[in-house]
Amino acid sequence: MKTVFSETHTLRDAKTELYGGELVYPFERPSRMTYILDRLKAVDPGPILPPGDHGLAPILRIHDAGLVDFLQTAWDEWQAEGYEGEAIATCWPARRMTQRRPDHIDGKLGYYALATETSLTPGTWDAAYGSAQVALTAADLIRAGERSAFALCRPPGHHAAFDMYGGYCFLNNAAIAAQRFLDNGAARVAILDVDFHHGNGTQDIFYDRSDVLFLSLHGEPENAFPHFLGYADETGTGAGEGFTVNHPMPPGTPFSEWRRSLDAALDRIAQYAPDHLIVSLGVDTFETDPISFFKLKSPDFTTYGGDIARLGLPTLFVMEGGYDIAEIGLNTVNVIEGFLG
Ligand code: Q9C
Ligand code: ZN
């Protein structure tokens, strides 16, 4: 399996994340990639390739032009205001307030942010752009006939919605890849999101569509970020009714229970018969992940990689979360190895 990876991810090196009332060094940090690359090179499932540049057009197939423009200009506007720290949203268009977009950077941050932990920094846009190019290039490998490919994306993408960023995500790499498949002739694409967190952005983007089946296994929103989406009764709307599938699970969920949800999701995917499968691959389901509450062990990642392979579909893996960095390489590459068999 070929991996696509770009060094431009290092341009996203935020110094601050608002966590527990303190500004801490972010969990989503550049060294995550170092550990995954080290393990990839040790196991060597295939070559590691740089992305091509497919421009802004495929990004604008998924995202609001206002969000894309904001991400490109926010840092300069923040600096022009004379602020000393990284750019963090502090106010929102909350219940019974207008949804108009203000001119001031403080207002725009609240308008486009869905959460406050994700600081904007000078290199964030360039890194997010590079991450989307990684996903697009890996998708094109599959369109060209590869059975599978690994888009080693950073920053991650599945929390980024049509017109919102947050949860460490700016552009929705998996959604951009799915639209690429459809624009190049696919009729149906399934996105299976196994990151610990609900893929609220991907769900948002495809909620009213039947050409993308979205399925997510995640920590129940009563107890886990993003808290305001991911309930089992969210099933899609209009033409998309029945094409969103959520499997929320409680604190302490072990692999035996998690795998039951996976089996149900895989059955639904098989019934849908997509041309391509995209796996939003977060390994923050690991038992010692510092911000999550599932109990998967390292060999479980190999096991479920094999489960996914048995669908027999052309499969694009897109990297999402995973914050126990000492084991992130092992767990991530275990999925790839399990898939390859
Ligand atoms: N107390 C991804 O895995 N903060 N994003 C959680 C927990 C945000 C995770 C706070 C977590 C975002 C791509
Ligand atoms: Zn996550």
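Derivation of every value follows stated rules applied to the coordinates shown; laboratory data play no part. Predicted model, so just to flag it, every value in this text is computed and none were measured. Note that we place each Cβ from the backbone using ideal geometry, even for glycine, and neighbour counts take in every protein chain shown.
Could you sort the peptides 167-177, 68-78 by per-residue average Cβ neighbour count (10 Å cutoff), highest mean leading?
Most protected by this proxy first, the peptides run 167-177, 68-78.
On a C-alpha basis, how far is the centre of segment 146-167 from the centre of segment 263-341 in Å? Whole number, if you could?
About 15 Å separates the Cα centre of segment 146-167 from the one of segment 263-341.
Among 57-66, 310-319, 79-88, 156-165, what's the highest-first ranking by average C-beta atoms within 10 angstrom per residue? Spell out each step's value before the answer.
Numbers: 57-66: 16.8, 310-319: 22.3, 79-88: 13.1, 156-165: 27.0.
Result, highest mean Cβ count within 10 Å first: 156-165, 310-319, 57-66, 79-88.
Mean separation of Cα pairs under 8 Å and 6+ residues apart, divided by the residue count of the chain: what relative contact order is that in percent?
On the way: 770 pairs, mean separation 62.3, N = 341.
It rounds to 18 percent for the chain.
Angle between the Cα long axis of helix 65-80 and the longest principal axis of the chain, 0 to 90 degrees, nearest 10?
Roughly 50 degrees between the two axes.
Tell me, what ³J(HN,Hα) does each residue in segment 287-297 have, in order and in whole Hz, if you take phi through Karplus 6.51 cos²θ - 1.76 cosθ + 1.60 with θ = phi - 60° and put x for Gly and Pro?
4, 10, 4, x, 10, 10, 9, 8, 10, 5, 9
When the Karplus curve 6.51 cos²θ - 1.76 cosθ + 1.60 is applied with θ = phi - 60°, which whole-Hz ³J(HN,Hα) does each residue of segment 236-247 get, with x for Gly and Pro?
Along segment 236-247, the couplings run x, 9, x, 5, x, 4, x, 10, 10, 9, 10, 10 Hz.
Compare the peptides 139-151, 253-265 by average per-residue count of other Cβ atoms within 10 angstrom and give them in order, highest first. It would help to have the intermediate numbers written out before the result.
Working: 139-151: 20.8, 253-265: 16.8.
Per-residue mean Cβ counts within 10 Å order the peptides as 139-151, 253-265.
List the residues, sorted by chain then number, that are 5 or more residues from Ser148 or on another chain and whose placed amide H is less than 5 Å from its amide H.
Those lying under 5 Å, H to H, from Ser148 are Thr315.
Counting only Cα, what are the radius of gyration and maximum Cα-Cα distance Dmax of the chain, in Å?
When restricted to Cα atoms, the chain yields Rg and Dmax of 18.5, 55 Å.
Roughly how many nanometres apart are two label points built 7 Å out from the Cα toward the Cβ at Thr73 and Asp267?
It works out to 5.1 nm between the two label points.
DSSP beta bridges in the chain, what fraction antiparallel, as a percent rounded to 5? It would help to have the intermediate numbers written out before the result.
Details: 6 of 38 bridges.
The antiparallel proportion sits near 15 percent.
Could you derive backbone 3J(HN,Hα) for segment 261-273 from the dihedral phi with the Karplus parameters 6.51, -1.76 and 1.60 (θ = phi - 60°), listing whole Hz in sequence and x where the residue is Gly or Pro?
So the Karplus estimates, Gly and Pro as x, are 5, 4, 4, 5, 5, 5, 4, 5, 5, 4, 5, 6, 6 Hz.
Which far-off residues, 5 or more places away or on another chain, put their amide H under 5 Å from the one on Val245, with H placed in the peptide plane?
Counting only residues 5 or more places away or on other chains, the set is Phe214, Leu215, Ser216.
Using a 7 Å offset from the Cα along the Cα-to-Cβ direction at both Glu81 and Ala94, what is the distance between the two label points in nm, to one decimal?
In this crude label model, Glu81 to Ala94 measures out at 1.8 nm.
Starting from the exponent 0.38 and prefactor 2.2 Å, build the expected Rg for segment 205-333 from its residue count and divide its actual Cα Rg by it.
This ratio for segment 205-333 stands at 1.04.
Alpha carbons only, please: Rg and Dmax for segment 133-261, in angstrom.
That works out to 14.5, 42 Å for Rg and Dmax.
Quick one: angle between helix 173-183 and the longest Cα principal axis of the chain, in degrees between 0 and 90, rounded to 10, please.
70 degrees
Let me see the P(r) profile for segment 162-213: every Cα-Cα distance counted, bins of 5 Å, each bin given as a percent of all pairs.
4, 19, 33, 24, 14, 5, 1
Could you work out the percent of alpha carbon pairs in segment 50-97 separated by over 18 Å, rounded to a whole number? Walk me through the intermediate numbers first.
Values: 610 of 1128 pairs.
Percent of Cα pairs beyond 18 Å in segment 50-97: 54.
Straight-line reach only, C-alpha to C-alpha below 17 angstrom: list the aspartates and glutamates that Lys2 could link to, leaving out same-chain residues fewer than 8 apart.
Asp38, Asp44, Asp140, Glu146, Glu337
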